[in-house]
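See structure below.
None of the figures in this text is laboratory data; all of them are computed from the coordinates on show. Worth saying up front: this structure is predicted, and the values here are computed from it rather than measured. Ideal geometry is used to build each Cβ from the backbone, glycine not excepted, and the neighbour counts take in all protein chains shown.
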Amino acid sequence: MASTVAIPEGGTWLDTMRRSFKDVPIDEANDNAISTTEFLEAAESLVKLFDILGSVAFTPVKNDLTGNIKKIRDRQLAAPAESETLQALVLNELKTKQHKATEGLVWLIRGLDFTAQAFSKNLASETNEELAASFRDAYTNTLKPHHSFVVKPIFSAAMSATPYRKDFYAKLGKDESQTRAAMTAEIAALEKAVDILNKFLKRKEAQW
């Protein structure tokens, strides 16, 4: 479990991540192409934050993210030469009249956008807003409009199951200011990738 991983002395939980979003290659000279392998590794690493949140209510949220990561990786493994970047993976899959991985990316980005907005809002709060409030707002802005009436209550329950803010950040590192700085940097890198992919997925050539 991610919640029991050993945090290095003087470091934070983010130092234990296999891949940080700050280290995901983005080829700005090539239409901001994002490397598939590193992006999926970073997404898998960040998903483990939901273990630290501690409630089984977050299991559907985590399963949704990991399921969509798998759809993208399955396509990458099936056609590696055509999937070196996420944009190439989408365009080449759509040429085959399939869209399983592309749809998976759409939902993964929605989930990562939710995660980014929740933590960005919480980290920026000058009133020490509790995680539950930040998560509910982020859910309303991202995933909720796309969820069915069956799924909405399941995710809404998770939003209310978040731990107290101080307890959560304490699990990420001993020095709160250091932890907040590390989280802020990671979320900013995630937001950049999400913004790039959201714009790409809205293009005509990325539709199915």
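Mean separation of Cα pairs under 8 Å and 6 or more residues apart, divided by the residue count, gives the stretch 15-58 a relative contact order of 37 percent.
Each Lys and Arg adds +1 at its Cβ and each Asp and Glu adds -1 at its Cβ; summed about the Cα centre, the stretch 32-206 shows a dipole of about 540 debye. Taking every alpha-carbon pair under 8 Å whose residues sit at least 6 apart, the chain reaches a relative contact order of 25 percent. What separates the Cα centres of the stretch 11-73 and the stretch 89-121 is a distance of 12 Å. Once you list every other residue whose beta carbon is under 12 Å from the beta carbon of Ser45, what net charge do they have if Lys and Arg are +1 and Asp and Glu are -1? Around Ser45, the surrounding residues sum to -3. For the chain, the membrane-span-like helices by this rule, meaning whole DSSP H stretches whose C-alpha atoms cover at least 20 Å of axis and whose Kyte-Doolittle mean is 0.0 or above, are 100-124, 176-201; this says nothing about an actual membrane.
Computed over the chain, the per-residue total of -39500 (n - 2.57) for DSSP H runs of n ≥ 4 gives a 222 nm mean residue ellipticity of -19500 deg cm²/dmol, rounded to 500. Placing unit charges on the Cβ atoms of the charged side chains and taking the dipole of the stretch 32-206 about its Cα centre, the candidate lying farthest along the positive direction among Thr162, Thr66, Ser125 is Thr66. Peptides 59-70, 101-112, 40-51, ordered by how many other C-beta atoms sit within 10 Å of their residues on average, highest first, read 101-112, 40-51, 59-70.
Checked against a 23 Å cut-off, the cross-linked pairs Lys152/Lys204; Lys22/Lys121; Lys22/Lys97 give Cα-Cα distances beyond that limit for Lys152/Lys204; Lys22/Lys97. Dividing the convex hull volume of the alpha-carbon atoms in the stretch 1-119 by its residue count gives 118 Å³ per residue.
Between the amide H of Ala33 and those of Asp27, distances stay under 5 Å, these residues lying 5 or more places away or on another chain, with hydrogens modeled in the peptide plane. Here the spin labels are modelled as points 7 Å beyond Cα on the Cα-Cβ line, and at Lys22 and Glu126 they lie 2.6 nm apart. A cut-off under 10 angstrom between Cβ atoms defines the neighbours of Glu82, and their net charge, with Lys, Arg +1 and Asp, Glu -1, is 0.
Remark on Thr85: its backbone amide H falls under 5 Å from those of Thr36, a criterion applied only to residues 5 or more positions apart or on other chains, H modelled at 1.01 Å from N.
Counted by Cβ distance under 14 Å from Asn128, the other residues give a net charge of -1, where Lys and Arg count +1 and Asp and Glu count -1. When the convex hull of its Cα atoms is viewed from all sides, the stretch 32-206 shows a mean projected area of 10.2 nm².
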